[in-house]
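Structure, as structure tokens:
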Amino acid sequence: SGTIKDAFGTRVLWNWQLDETHYHGWKELLREMEHHGSRVLTYVNPYLTNLLPRNSTRRNLFREAEDLGILVKNKTGQPYIQSCGTRTFTFGTVDLTSLEGAKWYAEEVIGKLMIRQSNTSERTNF
């Protein structure tokens, strides 16, 4: 996913797309681990960063989920934006109680970004 720095420190940037600059050699590591009979465990949660700039070349899962209307909403119907550790580290949460949200998350994040990038196991935190 990559990282972001804020007043709290260096943190995982919750966009769940492999950052090959930060995790350089990732695919080679996976092949080597598989060769030795090991598997890699990765981490995923339903949080999506809203900190990617609109002109980023990275996939903006927050915007995709927002456009689909599958983020948890506040009382005014807007995405419920949370913060963690500092007010500057903000994110939305995919509404996994909705069938559309759960299906999109399973297919797009877990399926396409986690499993299809050769990860053989994953841990969820929700």
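Bear in mind that the values in this text are calculations on the coordinates, not laboratory data. Since the model is a prediction, treat every value here as computed from it, not as a measurement. Every residue, glycine among them, receives a Cβ derived from its backbone with ideal geometry; neighbour counts consider all protein chains shown.
From Cα pairs below 8 angstrom and at least 6 apart in sequence, can you work out the relative contact order of the chain, rounded to a whole percent? Could you put the intermediate results ahead of the total?
Numbers: 170 pairs, mean separation 37.9, N = 126.
Computed over the chain, the figure is 30 percent.
Quick one: what Rg and Dmax do you get for segment 1-85 from the alpha carbons, in Å?
Just the Cα atoms of segment 1-85 yield Rg and Dmax of 15.9, 53 Å.
Using the Cβ atoms and a cut-off under 14 Å, what net charge is assigned to the surroundings of residue 70, where Lys and Arg are +1 and Asp and Glu are -1? Before the final figure, lay out each step's value.
Values: positive: 63, 73, 103; negative: 64, 66, 67, 95, 100, 107, 108.
Within the 14 Å Cβ shell, the charges total -4.
Given a Förster radius of 30 Å and the C-beta distance between residue 81 and residue 21 as r, what FRET efficiency does 1/(1 + (r/R0)^6) yield to the nearest 0.05? Please list the in-between numbers first.
On the way: r = 27 Å, r/R0 = 0.90.
The formula returns an efficiency of 0.65 here.
Taking 0.36 nm per residue of sequence separation and subtracting the Cα-Cα distance, how much length would be gained by fully extending the chain between residue 10 and residue 63, in nm to one decimal? Don't skip to the end; give the middle numbers.
On the way: separation 53, 0.36 × 53 = 19.08 nm, distance 2.31 nm.
Gain in length upon complete extension: 16.8 nm.
Run the dipole for the chain about the Cα centre, Lys and Arg Cβ at +1, Asp and Glu Cβ at -1, nothing else charged, and hand back the magnitude in debye, nearest 20.
I would put it at about 260 debye.
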